[in-house]
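First up is the structure itself, then whatever we jot down about it.
Only the coordinates and a few stated rules stand behind these numbers; no lab work does. Every value quoted in this text rests on a predicted model; they were computed, and no experiment measured them. Please note: Cβ atoms are built from the backbone with ideal geometry, for glycine as well, and neighbour counts cover all protein chains shown.
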């Protein structure tokens with residue numbers, strides 16, 4: 001089998017648990033994902049607080065509440081779509097025969 005990119009040889013020579021060096025300025029996928037999860041969580045908390053404030057009379061701008069709720073909903077839907085794509089990609093990789 002020909003390995004033009006050297007992927008197989010690189011993977012086989014590295015021992016498990018050894019961190020691979022990343023290029024300078026490269027973002028860690030895990031950290032980026034966790035940051036986005038925090039942002040979505042903050043949006044949902046803000047929307048919930050805005051809704052509660054509207055119901056208790058501490059706030060009277062229904063447009064602001066609707067916008068906060070829509071932003072949180074859109075962010076959550078995007079997160080679910082990302083999850084579905086990652087799971088689909090994992091399933092495809094898992095089904096590859098080597």
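For the pair residue 90 and residue 62, label points projected 7 Å from Cα toward Cβ lie 4.2 nm apart.
Per the Debye formula with a single identical scatterer at each Cα and no solvent contribution, what log10 I(q)/I(0) holds for region 25-94 at q = 0.19, 0.27, 0.28 Å⁻¹? Debye intensities relative to I(0), on a log10 scale: -0.80, -1.11, -1.14. Per-residue Cβ neighbour counts within 10 Å put 54, 82 in the sequence 82, 54, beginning with the fewest.
Packing, taken as the mean count of other beta carbons within 10 Å per residue, orders the peptides 65-71, 29-35 from highest to lowest as 65-71, 29-35.
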